[in-house]
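Structure record follows, encoded as structure tokens.
The values are calculated or read from the model by the stated rules, or taken from the named source; none is laboratory data. Only a predicted model underlies this, so the values are computations on that prediction, with no experimental measurement involved. In this analysis, Cβ positions are derived from the backbone assuming ideal geometry, glycine residues included, and neighbour counts consider all displayed protein chains. Keep in mind that these areas ignore ligands, DNA and RNA; they rest on the heavy atoms of the full protein, side chains included. Shrake-Rupley method; radii C 1.70, N 1.55, O 1.52, S 1.80 Å.
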Amino acid sequence: MDEIYSIDYVLEPGRSEWMTIGQGIGAYNAQQAGDDSSTPLCFVLRDAEGTIVGGVLGETHYDWLYVNLMWIRADLRDRGFGAQLLTMAEDEARKRGATHAYLDTFSFQAPGFYKKQGYREFGKLEHFPGKHTRYFLCKDL
């Protein structure tokens, strides 16, 4: 007996869609590559009042650190906080067994900063978005 399938456009995917698809690809990936041991990582920079004025968010999986987001408030840039945050994330990743790191950044963000920290470009998408370029960088830890 033939089964009938349909494909629906979902304007705003909810938890059910994300969980089902995410668990499906997660199970397949684990079957192929083993448990990724994904663990979140976060360091924040706070001012004297405790307000977050910068930080880095990422995760370790397999033997990699993924730097997902990094931001420093504009008036605090070029004061060494970014380098400190990135070093702390890399050090924590090493403690977890990571031997490599990767991230992406836009041409209007911080590719030069990451290159100064030892990251090297392994790919780019030009005109993403518009006149800008999206860079993909990695580093051996």
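List the residue pairs whose Cβ atoms are under 6 Å apart, where the first residue sits in the range 112-128 and is within 23 Å of residue 82 (Cα to Cα), the second is open to solvent by 50 Å² or more (accessible area, probe 1.4 Å), and the two are 6 or more positions apart or on different chains.
From the range 112-128, the pairs are 122/136; 123/136.
What pairs come up if the first residue lies in the range 65-76 and is touching a residue at least 24 places away in the same chain (Cβ under 8 Å), the second is among the basic types (Lys, Arg), and their beta carbons are under 9 Å apart, counting only those six or more places apart or on different chains?
65/94; 65/96; 65/139; 72/79
Anything in the range 20-56 that is within 30 Å of residue 71 (Cβ to Cβ), exposed (fewer than 11 other Cβ atoms within 10 Å of the Cβ) and either more than 20 Å from the chain's Cα centre (by Cα) or touching a residue at least 40 places away in the same chain (Cβ under 8 Å) (or both)? List them, or say none.
Correct list: 48, 49, 50, 51.
Residue under question is residue 26, and the condition is that it be touching a Phe, Trp or Tyr at 6+ places or on another chain (Cβ under 8 Å), of a type in the set (Gly, Ala, Ser) and closer than 28 Å to residue 119 by Cβ; does it hold?
So residue 26 does not fit the description; no.
If I filter the range 90-112 for residues that are under 14 Å from the mean Cα position of the chain (by Cα), among the hydrophobic types (A, V, I, L, M, F, W, C) and surrounded by fewer than 15 Cβ atoms within 10 Å (Cβ to Cβ), do I get at least one hit?
Checked against the condition, which is being under 14 Å from the mean Cα position of the chain (by Cα), among the hydrophobic types (A, V, I, L, M, F, W, C) and surrounded by fewer than 15 Cβ atoms within 10 Å (Cβ to Cβ), the range 90-112 yields at least one hit.
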